[in-house]
Amino acid sequence: MISSPSVSLPLMQALAQCHASFVSQGLPSAARLSRKALIPQTAIAFWDLYGAASPPPGLQRSLVGFIESNLYSAQLLKLDTNHVDRARLLSCSAKHAGIWLTTLPLTKEFTIPDINFRLSARFRLGIQPQDDLPKSCHCGTMLSTDPAHFLSCESFRRGPVTHRHNNLTQCLARLVRRAGGAAYLEPSWLDIKRPDIHVAFPDSRFLVDGSITHPAAPSYRHAAAFTRLHATLARESRKSKKYDSLAKKEDCKFVAFVMESFGGFDVHAKQFLDELIRQSRDHDLQ
């Protein structure tokens, strides 16, 4: 908020209401009151409110963000009984879930092939991956009610799901090595339980077990439709119970690197990525 005398009083009041509304997003009644004052119903009323002076920086971002937030909340209310779509929307709104849409393709690693981008966009929008698919999966599930059913179909668990998990493991190991660390896949000296990667840096060691979970899967959707990152947190909890004691015995820190199919991930994965960045900087690596 700026205090320049060129900014009219109504504009300053509107901005104050806008900022206050962000604080009260969890209170529907406060949001409705601020929306009525913040977003006039007609174009003339809008310019009467905002056209008296040059707008301060960030006004458009604040207004659009406020409108989008209200539209998103209204859409969630409409989907109270549609747990598949509600789980998808809630997962897509998680922090970092849309980072693939805003990352500039400055290197080969940051470039997404057209076909992968199209599939990802359709998946994020709740559209079937192809227009010419049959009405139902061979297991009997109707694809019209669950466009992303292939991510949770039992018949795909052996092949594609395992391949996806291996790709995630290889990607994490590659990032560790590029950051100057050593990555041992499924360490053979651990006889009973074997996490995906043993990571060693000069000043720290980790046991990392990765996973990708689908919030709209039948086993998650009812809770994931009302709790953001529920599928991630549930998977992290199971992995921690399995590997925490082993990590302590090996004098390592355990990392459950769990991502959701819609792109979101929790604080543990973010902290490990931050550690890779720190190690890379300490070793002057790009």
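The values are calculated or read from the model by the stated rules, or taken from the named source; none is laboratory data. Bear in mind the structure is a predicted one, so any value in this text is a computation, not a measurement. Using ideal geometry, Cβ is built from the backbone for each residue, glycine included, and neighbour counts are taken over all protein chains shown.
Just so you know, in segment 177-231 the residues that are in contact with a Gly (Cβ under 7 Å, 6 or more places away or on another chain) and aliphatic (A, V, I, L, M) include one that is nearest to residue 95 (Cα to Cα), and it is 229. Taking the criterion of being in a helix (DSSP H, G or I), among the hydroxyl-bearing types (Ser, Thr, Tyr) and at pLDDT below 90, no residue of segment 94-119 qualifies. Answer yes or no as to whether residue 208 is assigned by TED's automatic domain parsing to the domain that holds residue 273 and buried (at least 20 other Cβ atoms within 10 Å of the Cβ). Spelling it out, residue 208 is indeed assigned by TED's automatic domain parsing to the domain that holds residue 273 and buried (at least 20 other Cβ atoms within 10 Å of the Cβ).
Of the residues that make up segment 57-70, is at least one under 30 Å from residue 146 (Cα atoms), assigned to a loop (DSSP other than H, G, I, E, B), among the hydrophobic types (A, V, I, L, M, F, W, C) and modelled with pLDDT of 75 or more? Scanning segment 57-70 turns up no residue that is under 30 Å from residue 146 (Cα atoms), assigned to a loop (DSSP other than H, G, I, E, B), among the hydrophobic types (A, V, I, L, M, F, W, C) and modelled with pLDDT of 75 or more. Among the candidates 249, 242, the residue that is assigned by TED's automatic domain parsing to the domain that holds residue 200 and loosely packed, with under 14 Cβ neighbours inside 10 Å is uniquely 249.
Counting residues in segment 216-226 that are surrounded by fewer than 19 Cβ atoms within 10 Å (Cβ to Cβ), free of Cβ contacts under 8 Å to residues at least 60 places away in the same chain and not small (Gly, Ala, Ser) gives zero. Residues in segment 249-281 that are farther than 19 Å from residue 212 by Cβ and touching a strand residue (DSSP E or B) at 6+ places or on another chain (Cβ under 9 Å): 250, 251, 252, 253, 275, 279. When you check residue 122 against the structure, is it of a type outside the set (Gly, Ala, Ser), at pLDDT 90 or above, surrounded by 12 or more Cβ atoms within 10 Å (Cβ to Cβ) and within 17 Å of the chain's Cα centre (by Cα), yes or no? Considered against the rule, which asks whether it is of a type outside the set (Gly, Ala, Ser), at pLDDT 90 or above, surrounded by 12 or more Cβ atoms within 10 Å (Cβ to Cβ) and within 17 Å of the chain's Cα centre (by Cα), residue 122 comes out as yes.
Across segment 71-93, what is the total count of residues that are assigned to a loop (DSSP other than H, G, I, E, B) and closer than 18 Å to residue 145 by Cα? The qualifying residues number 4.
How many of the residues making up segment 126-157 are outside any loop (DSSP other than H, G, I, E, B) and closer than 19 Å to residue 212 by Cα? Outline the logic, then answer.
Filtering segment 126-157 down to residues outside any loop (DSSP other than H, G, I, E, B) leaves 136, 142, 149-151, 154-156.
If we keep only those that are closer than 19 Å to residue 212 by Cα too, we end up with 149-151, 154-156.
Total meeting the criteria: 6.
Under 20 Å from the mean Cα position of the chain (by Cα) and surrounded by fewer than 22 Cβ atoms within 10 Å (Cβ to Cβ), is that true of residue 173? When the stated conditions are applied, residue 173 does not pass them.
Report whether or not residue 210 is within 28 Å of residue 110 (Cβ to Cβ) and touching a His at 6+ places or on another chain (Cβ under 6 Å). So residue 210 fails the test. Pairs are defined by a Cβ separation below 7 Å, a sequence spacing of at least 6 or placement on different chains, a first member in segment 234-251 that is more than 10 Å from residue 193 (Cβ to Cβ), and a second member that is of a type outside the set (Ser, Thr, Tyr) and in a helix (DSSP H, G or I); the pairs so defined are 236/268.
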